[in-house]
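Rule-based calculations on the coordinates, nothing more; no lab input. Computed from a prediction, not measured in an experiment: that's the story for all the values here. When we count neighbours, we look across all protein chains shown, and the Cβ atoms used for this are built from the backbone with ideal geometry, even at glycine.
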Amino acid sequence: MSRYRWNVLPPVPRQYLASNSSIPPLLVQLLFNRGLKEPAQLTSFLAVDRNLCSSPLLLPDIHSAVARIYRALLSGEPIAIYGDYDADGITATALLVQGLSALGGTVVPYIPHRLTEGYGLKTTALENLRQQGFRLVVTVDCGITSVPEVRRARRLGLDIVITDHHTPLPEIPPAVAIVNPKLAGSAYPFTELTGAGVAFKLLQALYQSVGREGQLEELVDLAALGTVADMSPLQGENRYLVKEGLRLMNRNPRLGLRALIDQAGLSGGSLDAECISWMIAPRLNAAGRLEHAMSSYKLLTTDSSTEARRLARWLEQKNTERQKLTSSTLMRAREQVLSRGILPLLMASDRDYFLGIAGLVASRLAEEFYRPAVVVKTGGKVSSGSCRSIPEFNIIAALKESRHLLSQFGGHSQAAGFTLPTRNLPRLEEILLNLATVQLREVELRPSLDIDAEITLPDLGGDTFQITQQLAPFGRGNPLPTYLSRRVEVTDCRTMGNGGEHLRLKLRQNGTRWDAVAFRLGSCLADVSPVIDIVYNLEIDRWQGKETLRLNILDFAPSSQSP
């Protein structure tokens, strides 16, 4: 049995093909599958130009935010940038500090410690900033749910400008300005900007007001890093930010990024969104997960090659530690889940769980069992948890149903976090499990795999790969094209990697031969029959300085049993 439900997307209507006859039919099918219905949408998507962007002046409260920051710039008033400790928050913090400093501002970053302070605005930190003489704090990637903290800040004489992209609660903080495309009544047409994306738009409004918008090009790499790292859909304006950011990173990467690229063993000049997702972002996140995120911030902002290399080596070590800790914790959490039976919602909790990797462990559990998962670091009085979910269950909505039990929470439909009094944990689990039981009762809890087109292996020849690369950058919301080929002969198959974790195959169909790899499917070696149906992407295999095309198999089944 295959791991996924195979969902072959419907073919393009003839009228749609006819109205886009200047575009190769396969490309038209891929664009249609991504929800692009009008010829103008197709043109803009493929061009990846500024037509994908909207005016920053459409964002809520943008005029108030610009006015307050501009007043601080004119008077020499110091500005604190209060960020989050993940890669999106780190890049957003660096973006605003560098962007406002270039306008002559006195700007200082503040990123809380994940383990000792936790997520979001903290009253103690705001009090300390006020004692240091700050009267203006600009948040990035946080603040939208910090109602009591902002209320306290106002009493302290602090002006708070919130820039955030998380979902607001019914009550919003009494800030000087709240710049968030998800705010009720927002006129901004694209709601999927990340924290770094919103910070970039705030800078864009400021730079436009002083006639220096062209200088923003030097900071678009930070917006791109945050956008990809936060797994925001690579459509609309995000697509433009990432495309331009990758261009800058490949042409002239900042010192810290160049050091990180070298440390990760990547090839300079060929960085893509996948490299950021799998190689760069985990290293940037490693600092905040295990120690303090300021090390990653310093890496991104340093002008010293020596410091860049030192910090990149340190992050490499922390990332290795993070990988080992994640693996051992996952093993324990998995045993906990299995001992209780596979419930509609999975919860694992322990006093010894390390909070910095709880989200990673929850993500692995959700992926393996295809159920929402919650991993909790328990404490004597206070506990904190990270949640990861599946498309059929909105975890932030579930937490809203339980908010009377929580001290703090926030996030998205698929990823969230919370803190609560430990005594409330059993009741929280009961509520979340009941919600999941009801909402997932009629759902087949097996992930679905959308397939762009059913083709044969000979169809992949010629310039197919080059044509589909016009859709790049790829990521969430714009995945790599996925194909189905039926009745493919297996001429050779063996395991590879540590412990035989992966499969390497040689395939043949109608005289055409392809090499293929199936990552994490080594345990399925016995299921490989002489003739199989395969679902796969096309990818470039870079090995020892050579580049060759191969198939990346996502799922397979014997030809008589495919879904």
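Points worth noting:
- Loop sites in region 371-462: trypsin sites (Lys or Arg not before Pro), DSSP, at most 14 other Cβ within 10 Å: Lys381, Arg441
- Restricting region 163-252 to GluC sites (Glu not before Pro) that sit in a DSSP loop and have at most 11 other Cβ atoms within 10 Å of their own Cβ leaves Glu171.
- In straight-distance terms, cross-link reach from Lys298 covers every one of the lysines whose alpha-carbon lies under 17 Å from its own, apart from those fewer than eight places away in the same chain; here that gives Lys318.
- Cα-derived Rg to Rh of the chain, Kirkwood definition: 0.97
- Across region 4-13, coupling constants 3J(HN,Hα) worked out from phi with the 6.51/-1.76/1.60 Karplus curve, θ = phi - 60°, read 10, 7, 8, 10, 6, 5, x, x, 5, x Hz, and Gly and Pro carry x.
- Trypsin sites (Lys or Arg not before Pro) within region 487-563, DSSP loop, no more than 16 other Cβ atoms inside 10 Å: Arg520
- Percent antiparallel among DSSP beta bridges (both partners in region 340-439, rounded to 5): 75
- Per-residue ³J(HN,Hα) for region 474-486, Karplus 6.51 cos²θ - 1.76 cosθ + 1.60, θ = phi - 60°, Hz, x for Gly and Pro: 9, x, 4, x, 8, x, 4, x, 10, 10, 10, 10, 9
- Placed amide H near Gly410: partners under 5 Å, 5+ positions off or other chain: Gly417
- Lys381 versus Gln215: modelled label distance in nm, points set 7 Å from Cα along the beta carbon direction: 4.8
- The modelled label-to-label distance between Ser327 and Asn7, using points 7 Å beyond Cα along the C-beta direction, is 3.4 nm.
- Counting only residues at least eight positions apart within a chain, or on another chain, the lysines with an alpha carbon under 24 Å from that of Lys37 are Lys243.
- Mean-position separation - Cα centroids, region 509-535 and region 395-448, in angstrom: 39
- Reference-scaled alpha-carbon Rg (2.2 N^0.38 Å with N residues) for region 56-252: 0.94
- Per residue, the convex hull spanned by the alpha carbons of region 208-276 comes to 93 Å³.
- Cross-link partners of Lys381 among lysines, defined as those whose alpha carbon lies under 26 angstrom from its own and excluding same-chain residues fewer than eight positions apart: Lys122, Lys400.
- Calculated over region 262-316: convex hull of Cα atoms, volume per residue (Å³): 80
- Distance cut-off 19 Å, percentage of C-alpha pairs in region 340-439 lying past it: 31
- Antiparallel bridge percentage (DSSP; both residues within the chain; nearest 5): 60
- Whole-number percent relative contact order across the chain, with pairs defined as alpha carbons under 8 Å at least 6 apart: 13
- Semi-axis lengths, largest first, of the ellipsoid equivalent to region 33-144 are 33, 19, 12 Å, with √(5λ) applied to each eigenvalue of the Cα gyration tensor.
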